[in-house]
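Here's the structure, in structure tokens; my notes come after.
The values are calculated or read from the model by the stated rules, or taken from the named source; none is laboratory data. In this text, all values refer to a predicted model and were calculated from it rather than measured experimentally. Neighbour counts run over all protein chains shown; Cβ positions are idealised from the backbone, glycine included. Surface accessibility is based on the protein's heavy atoms, side chains included, excluding ligands, DNA and RNA. Shrake-Rupley method; radii C 1.70, N 1.55, O 1.52, S 1.80 Å.
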Amino acid sequence: MPELPNKHVNPEYCTDHLMTDYAHVGLYDVKKRHAWIAKKRKGQSPIRVSHARLLVGGTQDTSTISKDQFVCYWFHPPNTGEGFVHGYPIEWDEGQLMVRLDPYWDFAAKLFINPAETARVEKNIDNQIRSATHLMSLYLQNPPSYPLSLHLVGPRAADSMFYMKRYDPTAISEEEII
């Protein structure tokens, strides 16, 4: 994936070379349809870096307004996570791509959507599903040798969609992949 200039991304902490061999956090730019991930840095685990730290002006403890255009996500190769997510069991012996789902925030327009506007909220969720699916396809350009599942994780369990898509390198036909 070619490096695209983005004045908001901190090149000291992130790269756009998607890796599947270590657990990391990442940011997905919905307008450019481009992903960034935390780099391996001495003394710092890439899964423990705050999403805001990946952006210019963000720190481990404070955010930055430019984060509003990025969808946050977490990537776990097999055996790099543990426990439940919103009370839902996750098979940590496989790869997991967990993408933040925010029904009331339009990342492309950088606008809050009134929860009473149900048609807009549903359209926004559909857009975020498309973004998450595209993000997974970016990871599958160099497919991992292990199964990988896509989850959309909302603010509550009821807002989440677990095991939404799944890639399995042992699948026989295209229908079995995603």
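All but one of (1) at pLDDT 95 or above; (2) in contact with a Ser or Thr (Cβ under 8 Å, 6 or more places away or on another chain) hold for P169, so report the exception by its number.
With respect to (1) at pLDDT 95 or above; (2) in contact with a Ser or Thr (Cβ under 8 Å, 6 or more places away or on another chain), P169 is out only on (1).
Is it the case that S145 is surrounded by fewer than 16 Cβ atoms within 10 Å (Cβ to Cβ) and not in a strand (DSSP E or B)?
Spelling it out, S145 is indeed surrounded by fewer than 16 Cβ atoms within 10 Å (Cβ to Cβ) and not in a strand (DSSP E or B).
Looking at region 141-166, which of its residues are under 22 Å from L101 (Cα atoms) and of a type in the set (G, A, S)?
S149, G154, A157, A158, S160
Name, by its number, the condition in (1) under 16 Å from the mean Cα position of the chain (by Cα); (2) modelled with pLDDT under 95 that does not hold for L140.
(2)
Give me the residue from region 88-124 that is in a strand (DSSP E or B) and closer than 17 Å to P155 by Cβ and, out of that set, most open to solvent (accessible area, probe 1.4 Å).
Out of the qualifying residues, it is F112.
Being open to solvent by less than 30 Å² (accessible area, probe 1.4 Å) and under 11 Å from the mean Cα position of the chain (by Cα) is the filter here; which residues of region 125-137 pass it?
Across region 125-137, the qualifying residues are Q128, S131, A132, L135, M136.
Identify the residue in region 60-102 that is over 21 Å from S45 (Cα atoms) and acidic (D, E) and, among all such residues, is modelled with the lowest pLDDT.
Per the stated criteria, the residue is D68.
Between G81, G57, which is closer than 24 Å to C14 by Cα, of a type outside the set (D, E), open to solvent by less than 30 Å² (accessible area, probe 1.4 Å) and not in a helix (DSSP H, G or I)?
G81
When K31 is evaluated against the numbered criteria (1) under 21 Å from A108 (Cβ atoms); (2) at pLDDT below 85; (3) open to solvent by 20 Å² or more (accessible area, probe 1.4 Å), which criterion, by number, is the only one it fails?
The number of the failed condition is (2).
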